[in-house]
Amino acid sequence: MSDEPLIPSDALPRGFRFAAVKAGIKPSGKADFAVALADRPASAAAMFTANQVQAAPLTIGRRHLQRSGGRVRVVAVNAGNANCATGEAGLIACEQVCHAAAETFGCPGHEVFPSSTGIIGVPLPAEKLVAALPEAQQSLSLDAQSFARAILTTDTRPKVAHAAINIGSKTVRLAGVCKGAGMIHPQLVPHATMLVYLFTDAIIEPGDLNEFLKNAVTRTFNRISIDGDTSTNDTVLLLASGASDAKVPAADASFADALTTVCTSLAKQIVADGEGVTHVVELQIEGAASDADALKVAKAIAHSPLVKTAWAGCDPNWGRLMAAAGYSGAVIDPACIALWFGDLPICIHGGRAPEFDERAAHEYLKQREYSIRMSVGAGNGRCRFWTSDLTAEYVRINADYST
C-alpha cells in the first residue's frame, strides 16, 4: 500500500490516538471497526445528512452531542452495516456499542460518537463490535492510516489530508480522513456513505468550531456529487483536542482557510474514487443571478444521466449541458450563455462558437480530470462543483451490491 496517501506522524494533530480491528462484519474479513480516542474530551461539531431517513448512529450521535455540550472522547465507526432502517432495535444496538465503548475507554456514554456505513436494512450485530473493543483499546496508536482503511466500503483506497498553520508562536495541525465512493450527493445540515472525520489540536470552543465547520462544508462537501443520491448516513465530525495550547479566535481566517483546504482535498478524493468513475469534472458556473442559482445549474448538469454518460464516452455533446442549465430552475439568459472546455471555446452567445473544434474538444475530454466553465448571463453569482461521469462499471457495482 505504498501508493496510499499518507499523513506523516509529525503532521498528525496532537491529543488523539487511533485503532482499527476486525469485528467480523465485512464479508471480506478486513478491518471493519475503527476507533479514534481523544486523550481528554475534545470540542466537537458535527453535520448530518438532510435525508429524512436517517441511520441510528446519527440519532444517537446528535443526542450525545447535546448531552455532552459538544464534547467527544471516543469516535466508534463500523463499516459493512449502515444500521439504518433497523427500527428501535438499531437504536438499542447503537447504544449498546456506545455503552461498552464508554466502559472500555473510561468516559461517560454521551462522550461516545458512533458512525456506521454499509448496507441498509440489516440488523447491526452489536455483540461483534462490543467483543472487538478490548483489542481496539490495546492497539491504540498514532496510526491514523489504519483508521482510514477500516472505514472503507466500496472505496478503492483511503482518503486523507492534512495542513498546519501558525497561531502566534504555536503550530496548529489539522488532519482529516473520510470514506465515500457511491451514493454521493451530500446535503449536510447543522443539526451509508460519506463519513468524514476531521481532527485539530487547536483550542476552539464547540460554538466557534460549529461555525468553522458549517462554512467549510458549504464550499466543499456540499459541492460534490457522484450519482445524485443523498445517503442516510452522511456525517462530518470535527474534533479539537486543544493539545497544541494554541487558542484559535472565532472566525480566524487562517484556520478557516486551512480547514477548507483539507475539506476540499477530501471532497475531491471522494469524487476521484467514485464507483466506476473514469473522469473527474470541475464545473465552474458564473454569471448567475445569485450563488444559489449557480449551484442549481451545477447540480442540474452534475445529475444529468445524458451529460454524465457523454463524459464517460468523451463525447463533446455540449447541447446536453445547455439543456440541463435550461431546466435547472435558475434564472438564465439563453442568448448570453457561454461555455468552455478548459480554455477551448465551445459556445458563445447561446450558440456554437466559431472556433469550436470538435476533435480538440473530444481529445480534451479524454483526460482523467478537467474543467468545464459556463456563464449563464444573469448576474454575478458563481460556484465551483466537482462531479464525475457515469459508467457501466457503476451499474455493475450497484446492481448486485447486497448479493
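Every read-out reported here was derived from the displayed coordinates using simple, explicitly stated rules and does not represent laboratory data. Remember, predicted model here, so these are calculated numbers, not experimental data. Heads up, the Cβs are rebuilt from the backbone with ideal geometry, glycines too, and the neighbour counts pull from every protein chain shown.
Residues whose amide H comes within less than 5 Å of that of S241, counting only those at least five positions distant or on another chain, are T200, D201, A202 (H built at 1.01 Å from N in the peptide plane).
Neighbour counts of other Cβ atoms within 10 Å put T235, T171 in the fewest-to-most order T171, T235. The lysine pair count for the chain, using Cα distances under 12 Å and pairs eight or more places apart or on different chains, is 8.
When all alpha carbon pairs of the range 9-272 are counted in 5 Å bins from zero, the resulting P(r) reads 1, 7, 15, 20, 22, 18, 12, 5, 1, 0, 0 %.
For C107, C94, the sequence from fewest to most other C-beta atoms within 10 Å is C107, C94.
In the calculated pair-distance distribution of the range 267-367, the portion above 19 angstrom amounts to 43 percent of the Cα-Cα pairs. Rounded to the nearest 20 debye, the dipole magnitude of the range 78-160 is 360 debye, with +1 charges on Lys and Arg beta carbons, -1 on Asp and Glu beta carbons, and the Cα centre as origin. Projecting the Cα atoms of G351, Q367, T391 onto the dipole axis of the range 313-403, where Lys and Arg carry +1 and Asp and Glu carry -1 at the beta carbon, places G351 farthest toward the positive end.
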